[in-house]
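J.: The structure under discussion is supplied below as C-alpha cells; questions concerning it will follow.
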Amino acid sequence: MGGKAFGNFGGAGRERARRRGQGQLEAQVLAALHHAPGPVTAAWVQERLGDDLAYTTVMTILSRLHAKQAVTRERSGRAYLWTPAADEAGLAALRMRRVLDGEPDRDAVLTSFVSALSTHDEQLLRTLLDRDAAEAPTATEAPTATEDPTPAEDTAATESPTTAGTPTPPARHHPSDEARGG
C-alpha cells in the first residue's frame, strides 16, 4: 500500500494527534483528498495521514467536511468514497462566504473587506465583476437552462413551437457558484 503521508508528525503518536486542532486536521484531510487519484475511502485517507489518527477520527473529520459541503461522498458497498467538492480556491471562497453569511451587517463587512484590498486585488475584483455583469442576461434575453426556474414538466405550455418537446438539461451546480452567491 504505502504512499505519501500528509501530516505524519512522528513522535508521541496519539498524544500528538490530540494536540492538532480541528481546522488543522480538516486541512490535512482535504490535502490528502486533493492528492487522491479519484474518490477514496476513509481508510485510504487515514493511511496517508499517518498511523497516529484513529479511523473514527478520520470519519468524524470527513463527516464534518461533508456537512460543510467541502467534500462529497458516494456509497460503495458499505463504505463511502470521498472526493473534495472543489479545488482549494473554491474551498477558500466557500469559507469566505460562510463568514459573510454569519455576519449581521453584510454591507459593512463587504465595505471593510473591499477597502482593505490591495490595488491588484481591487482591479482583479473589478474585472471579475465587470465580466460577470457582461455575461448576465439582460431583461430582453431569455434565461438559459440553468437559470430557468420553471420545472421541465411545466414548460410545454410556454415553449415556442421550435423548442416544444425538447427536454431542458438539468441545472448544474459548480463550486464557483458558491463564491458568486449562487
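The values are calculated or read from the model by the stated rules, or taken from the named source; none is laboratory data. Note that the structure is a prediction, hence the values are computed from the model and not measured. So basically every Cβ, Gly included, is an ideal-geometry build from the backbone, and we count neighbours across all protein chains shown.
J.: Exactly one of these conditions fails for A36: (1) at pLDDT 95 or above; (2) assigned to a helix (DSSP H, G or I); (3) within 21 Å of the chain's Cα centre (by Cα). Give me its number.
T.: (2)
J.: Pairs only if they're at least six apart or on different chains, beta carbon under 8 angstrom, first in region 96-113 and at pLDDT below 90, second part of a loop (DSSP other than H, G, I, E, B) and surrounded by 12 or more Cβ atoms within 10 Å (Cβ to Cβ); list them, first residue then second.
T.: R98/K68
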